[in-house]
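Read the figures in this text as sums done on the coordinates, not as results from a lab. Predicted model, so just to flag it, every value in this text is computed and none were measured. Please note: Cβ atoms are built from the backbone with ideal geometry, for glycine as well, and neighbour counts cover all protein chains shown.
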């Protein structure tokens, strides 16, 4: 069995920065990532992108990762792409399998583990969101970055958040067209927004980029529809329209493609399965793991960096990875506490600047109401075809959280194991019970966290390492 000082799961900016800093400080490192190439979502396919004039089309933020990727490629750090970690035992032995047609399982023992799993798009269960022709903005952006593919010219984008507008502008820069953006943000609280705006002035470059982005969309003639409610998608067998209500009047847009985005939430699948303590982040309206200023979780030796520990963007993710690596090196005896603190000082200052505008963005782009309270006919669990109405009925029967709802409805028992529906189920349970969402038990993942065959378990030698499942509660 291979043994390393630091196992880093995820090759986005946080994971890569942690790997490079740890290696520079004398630690042995292994990076495991499900994607075919390093870079994560933000820097996906950066070194091989087929997009011509990538700087103009995809933006400076995209190309900013080239130096990081070049350093990683030249570093010689062990890297397993197309590989998923599906089990981590109490002895810090991680089991993984390649994503090739014939999976090759293996295992590694690590003194320290860094979760750099990034973010996922927030589930946005509108009526009709499972119809062919509907996908997420993040998925569409992957097609643009990796294959140079643009959505149809009649595409309609629905939701809110910076990525929604960024992608629309990228499409226009690439010569495509967006029919309309339907802004479905929730109600904005003006007083907190103004308070956060003052702090956001510490990062004027970010605010300037946002202003330029909105001006570019106006210049390209992208129609923006605000105050839309009762949004639904129609079509059989494919999407043919979007219907919504605005100021009491019903409207329809004919379209063959709908792209949804309701913001990002941390990917907490592994941290949940490992039993880390989590809390409800009210600003970002998502579950998040607790960790120290050095990014170490309540489980000793387990660090959480990047957007998996709270949405903050690529630059902040990179800084958090470097900060975690310094503490790992201290605990491993490679550097002392004074040296760690001297090296970390500039990183913390940059990190605080990068976070200055985040509360403002969180307040400016609250998630749509449908993310927490979809209509009864909307499918919440796509794997098991469970609707919001069925989940509400289960909650009225006494199901007080995602685990009880799973038992009564099968919501969360499909291929994704609840990653895309458990948070909505928890919100529906809270509303039905008349309590706050943070009073509902957080959805808990179990190992194996990804679908895996019995053969993979046997070949990885992990059948005796599965954590016992606590069925209480």
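If you take all C-alpha pairs in the range 32-89, what percent of them are over 18 Å apart? Write down the numbers at each step before the final one.
Working: 657 of 1653 pairs.
Summing the P(r) tail past 18 Å for the range 32-89 gives 40 percent.
Mind ranking 129-135, 449-455 by how tightly packed they are, going by the mean number of other C-beta atoms within 10 angstrom, highest first?
129-135, 449-455
What residues from the range 378-403 fall in the zone where the backbone N is under 16 Å from a label point 7 Å along the Cα-to-C-beta line of residue 433?
In the range 378-403, the label zone of residue 433 (backbone N under 16 Å from the point 7 Å along Cα→Cβ) covers 391-403.
Can you give the convex hull volume per residue for the Cα atoms of the range 18-168, as a whole number of Å³?
Convex hull volume per residue, Cα atoms: 160 Å³.
What Kirkwood hydrodynamic radius, in Å, does the range 214-272 give when the mean of 1/r is taken over all pairs of distinct Cα atoms and then inverted?
Kirkwood radius, the range 214-272: 14.3 Å.
Please work out the Kirkwood hydrodynamic radius for the chain, using every pair of different C-alpha atoms, and report it in angstroms with one decimal place.
Taking the inverse mean of 1/r over all distinct Cα pairs, the chain comes out at 23.2 Å.
What is the antiparallel percent of DSSP beta bridges lying wholly in the chain, to the nearest 5? Kindly include the intermediate steps, with their values, before the conclusion.
Details: 31 of 63 bridges.
Just about 50 percent of them are antiparallel.
Tell me, Kirkwood radius of the range 123-262 from alpha-carbon pair distances, in Å?
The answer is 15.9 Å.
Apply 1/(1 + (r/R0)^6) to the Cβ-Cβ distance of residue 208 and residue 415, taking R0 = 30 Å, and write down the FRET efficiency to the nearest 0.05.
Given R0 = 30 Å and the Cβ-Cβ separation, E is 0.10.
For every helix of n ≥ 4 consecutive DSSP H residues, a contribution of -39,500 (n - 2.57) applies; sum these over the chain, divide by its total residues, and give [θ] at 222 nm rounded to the nearest 500 deg cm²/dmol.
Value at 222 nm, helices only, nearest 500: -10500 deg cm²/dmol.
Limiting things to C-alpha atoms, what are the Rg and the maximum Cα-Cα separation (Dmax) for the range 372-459, in angstroms?
13.6, 48
Among the DSSP beta bridges whose two residues both lie in the range 92-231, what percent are antiparallel, rounded to the nearest 5?
Expressed as a percentage, antiparallel bridges in the range 92-231 total about 40.
By per-residue mean of other Cβ atoms within 10 Å, what is the highest-first order of 163-169, 111-117, 14-20?
For the peptides 163-169, 111-117, 14-20, the packing ranking is 14-20, 111-117, 163-169.
Please give the FRET efficiency for residue 53 paired with residue 339, using the beta carbon to beta carbon distance and R0 = 56 Å, rounded to the nearest 0.05.
Using R0 = 56 Å, I get an efficiency of 0.80.
Counting only Cα atoms, I'd like the Rg/Rh figure for the range 237-345, Kirkwood definition for Rh.
1.23
Compute the length gained on full extension between residue 293 and residue 245: take 0.36 nm times their separation in residues and subtract their Cα-Cα distance, giving the result in nm to one decimal.
Result: 12.7 nm gained on full extension.
At R0 = 22 Å, how high is the FRET efficiency between residue 191 and residue 282 if r is their beta carbon distance? Nearest 0.05 is fine.
Efficiency for this residue pair is about 0.90.
Pull out the extension gain between residue 446 and residue 60, defined as 0.36 nm times the separation in residues minus the alpha carbon to alpha carbon distance; nm, one decimal.
My answer for the length gained is 135.0 nm.
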